[in-house]
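The values are calculated or read from the model by the stated rules, or taken from the named source; none is laboratory data. Values in this document were obtained by computation on a predicted structure and should not be read as measured data. All Cβ positions, even for glycine, are placed from backbone atoms using ideal geometry, and neighbour counts span all protein chains on display. Just so you know, the surface numbers come from the protein's heavy atoms only, side chains and all, with ligands and any DNA or RNA stripped out. Shrake-Rupley method; radii C 1.70, N 1.55, O 1.52, S 1.80 Å.
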Amino acid sequence: MNNFSFRRMVEDLTPFFLENGFLYHHGFMQFRKTYNSGFQNVIFAPVKYDDGVRLEMTFGCRVNPVEELIQDCTTGLNDFKTHSNTAIISFGKYHREPSFRLRFRDEKSYAGTIKTIERFFDEEGLDYLSRLSDIGHLDALFNAFPGEKCEEAFNLRLRCFRGLAIAFLNKNPELELLIEAYPKILEKYGATPLEMTQFKALSRYCKYYKLN
């Protein structure tokens, strides 16, 4: 599809997302819906190939209290920290096919892709984002099995920081067990000495305020 226009795709999707409370943010190539303690977002990343366009679509949420608790433990640009996702997953991973991408090569398949996106969010994606924005649901996703992969955690090491912060905020009764478990997982994924020090500081904070 040589005449593919990302701007056109955004314009075609805007009525659906706008109806559901999402505004388009050009700087981040995403539709975003804000709520009291964060936002939900849907991000698009198209890549042109000789045989058409492959579209990566990811979606997730930001929970401000979680991100604010770990903000001194992250190494990203300060300006971006207010836009980081707490949880995020790709369309492929959501359907247990990590390498899957939406594809279109002509007007007919492009129109079909737009319908697929709208139908997915209308039937299940929007409900999924609502659950993902709930701290209790996040606690189960991140912390029920801390040693196993969490599809909604894009960064394996930051998953440990976010998992602990989520457990603290949700008053998880197994908080201290997680404080013991996550350093081993951090080491497994090659955490730097600085990251280990930062995690210890976060652990002390969570333990101190848990007692008061």
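Evaluating PHE4 against the criteria (1) among the hydrophobic types (A, V, I, L, M, F, W, C); (2) in a loop (DSSP other than H, G, I, E, B); (3) within 18 Å of the chain's Cα centre (by Cα) leaves one unmet condition, (3). The set of residues in the stretch 100-124 that are surrounded by 17 or more Cβ atoms within 10 Å (Cβ to Cβ) and touching a Ser or Thr at 6+ places or on another chain (Cβ under 8 Å) comprises LEU102, PHE104.
Has the stretch 89-96 got any residue that is under 30 Å from PRO183 (Cβ atoms), of a type in the set (Val, Ile, Thr), open to solvent by less than 50 Å² (accessible area, probe 1.4 Å) and modelled with pLDDT of 95 or more? Yes; the residues of the stretch 89-96 include at least one that is under 30 Å from PRO183 (Cβ atoms), of a type in the set (Val, Ile, Thr), open to solvent by less than 50 Å² (accessible area, probe 1.4 Å) and modelled with pLDDT of 95 or more.
Answer yes or no: is there a residue in the stretch 102-113 that is over 29 Å from LEU175 (Cβ atoms) and β-branched (Val, Ile, Thr).
Residues of the stretch 102-113 over 29 Å from LEU175 (Cβ atoms): 102-113.
The next check asks that each one be β-branched (Val, Ile, Thr); those that pass are 113.
So far as the stretch 102-113 goes, yes, one or more of its residues are over 29 Å from LEU175 (Cβ atoms) and β-branched (Val, Ile, Thr).
Which residue is most open to solvent (accessible area, probe 1.4 Å), if the candidates are limited to the stretch 125-182 and must be aromatic (Phe, Trp, Tyr) and under 20 Å from PHE39 (Cα atoms)? Per the stated criteria, the residue is PHE154.
Filtered by the rule that a residue be in a loop (DSSP other than H, G, I, E, B) and in contact (Cβ under 8 Å) with a residue 24 or more places away in the chain, the stretch 191-212 gives a lone residue, ALA191. Every condition in (1) in contact (Cβ under 8 Å) with a residue 60 or more places away in the chain; (2) under 19 Å from LEU132 (Cα atoms); (3) outside any strand (DSSP E or B) is met by THR82 except one, and the failing one is (1).
Note on the stretch 48-74: among residues that are surrounded by fewer than 19 Cβ atoms within 10 Å (Cβ to Cβ) and at pLDDT 95 or above, the one that is farthest from GLU195 (Cα to Cα) is ARG54. Contact map, the stretch 35-64: residues that are within 19 Å of HIS95 (Cβ to Cβ) and of a type in the set (D, E, K, R) paired with residues that are part of a strand (DSSP E or B) and open to solvent by 10 Å² or more (accessible area, probe 1.4 Å), Cβ distance under 6 Å, separation 6+ or inter-chain. Pairs shown: ARG54/VAL47; ARG54/ARG103; GLU56/ALA45.
Please count how many residues of the stretch 199-212 are open to solvent by 30 Å² or more (accessible area, probe 1.4 Å) and either of a type in the set (S, T, N, Q) or within 19 Å of the chain's Cα centre (by Cα) (or both). Steps first, please.
Quick first cut of the stretch 199-212, residues open to solvent by 30 Å² or more (accessible area, probe 1.4 Å) only: 200-201, 204-205, 207-212.
Filter once more, keeping what is either of a type in the set (S, T, N, Q) or within 19 Å of the chain's Cα centre (by Cα) (or both): 212.
So the answer is 1.
Having 3 or more residues that are under 14 Å from the mean Cα position of the chain (by Cα) is the bar; report the helices (runs of 4 or more DSSP H) wholly within the stretch 98-146 that clear it.
Details: elements: 107-120, 126-132, 135-143.
Fully inside the stretch 98-146 and qualifying: 126-132, 135-143.
Candidates are the residues of the stretch 1-45 that are under 15 Å from THR113 (Cα atoms) and in contact with a helix residue (DSSP H, G or I) (Cβ under 6 Å, 6 or more places away or on another chain); the one that is least open to solvent (accessible area, probe 1.4 Å) is PHE16.
Is it the case that some residue within the stretch 184-197 is more than 16 Å from GLN71 (Cα to Cα), in contact with a Leu (Cβ under 7 Å, 6 or more places away or on another chain), open to solvent by less than 20 Å² (accessible area, probe 1.4 Å) and not aromatic (Phe, Trp, Tyr)?
Looking only at the stretch 184-197, we keep the residues that are more than 16 Å from GLN71 (Cα to Cα), and these are 184-193.
Next, from what is left, pick out any that are in contact with a Leu (Cβ under 7 Å, 6 or more places away or on another chain): 189.
Within this subset, residues satisfying the condition of being open to solvent by less than 20 Å² (accessible area, probe 1.4 Å) are none.
For the stretch 184-197, residues more than 16 Å from GLN71 (Cα to Cα), in contact with a Leu (Cβ under 7 Å, 6 or more places away or on another chain), open to solvent by less than 20 Å² (accessible area, probe 1.4 Å) and not aromatic (Phe, Trp, Tyr): absent.
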